[in-house]
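S.K.: Have a look at this one before I ask anything.
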Amino acid sequence: MAFKANSDDTRSSLSYKLKKVLKLKAKQVLTCDPHVDTDSELVPVERVIAQSDLLILCVPHRAYKKLEFGGKPVVDIWNFYRS
C-alpha cells in the first residue's frame, strides 16, 4: 500500500486508488503492507494469501520476494517474481 518499494510512505499511492475501484466489483478486498502501520484495515500477508482468489502485487517490497502463493494467480505488474 506504500507509494514505493521498501517504504512506509503512502502519499499518492496508486494502491489505494486500485483498492477503491476493486471494492466496487469484488466481494471483499484485503490489503497488506509490511512497512505501513498507519492503516487499520491492513491485515497480515498470510491472511491475504489464505483468503484470496487472486493476488495483485502493487508494490514490490523485498519482504514479498520469497512468499508462497499456493498456486493462486498473481498479477505481477512489476515482473518482480521473474527476476
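S.K.: Among L67, L54, L24, which one moves the most in a GNM of the chain with springs linking Cα atoms closer than 10 Å?
M.R.: Fluctuation is largest for L24.
S.K.: So with the 1.4 Å probe, I'd like the accessible area per residue for the chain, rounded to whole Å².
M.R.: 73
S.K.: Find the Rg to Rh ratio for the chain, where Rh is the Kirkwood radius over alpha-carbon pairs and Rg uses the same atoms.
M.R.: 0.92
S.K.: Taking R0 as 41 Å, what FRET efficiency do you get between D37 and R82 from their Cβ-Cβ distance, rounded to the nearest 0.05?
M.R.: Once the sixth-power term is evaluated, E becomes 0.85.
S.K.: Let me ask another. Given a 1.4 angstrom probe, I'd like the percentage of the accessible area of the chain that is carbon and sulfur, rounded to a whole number.
M.R.: Whole-percent figure for carbon plus sulfur exposure: 54.
S.K.: If you don't mind, there's one more thing I want to ask. What dipole magnitude, in Debye to the nearest 20, does the chain give about its Cα centre under +1 on Lys/Arg Cβ and -1 on Asp/Glu Cβ?
M.R.: The dipole of the chain has a size of about 340 debye.
S.K.: Across region 51-67, in residue order, what do the Karplus-derived ³J(HN,Hα) couplings come to in whole Hz, using 6.51 cos²θ - 1.76 cosθ + 1.60 with θ = phi - 60° and x for Gly and Pro?
M.R.: With the stated coefficients, region 51-67 comes to 9, 9, 8, 9, 10, 10, 8, 8, 9, x, 5, 4, 4, 8, 4, 9, 5 Hz.
The values are calculated or read from the model by the stated rules, or taken from the named source; none is laboratory data. Source: prediction; values computed, not measured. Here the Cβ is made from the backbone with ideal geometry for all residues, glycine too, and neighbour counts use every protein chain on show. Calculation scope for accessible area: heavy atoms of the full protein, side chains included, ligands and nucleic acids excluded. Shrake-Rupley method; radii C 1.70, N 1.55, O 1.52, S 1.80 Å.
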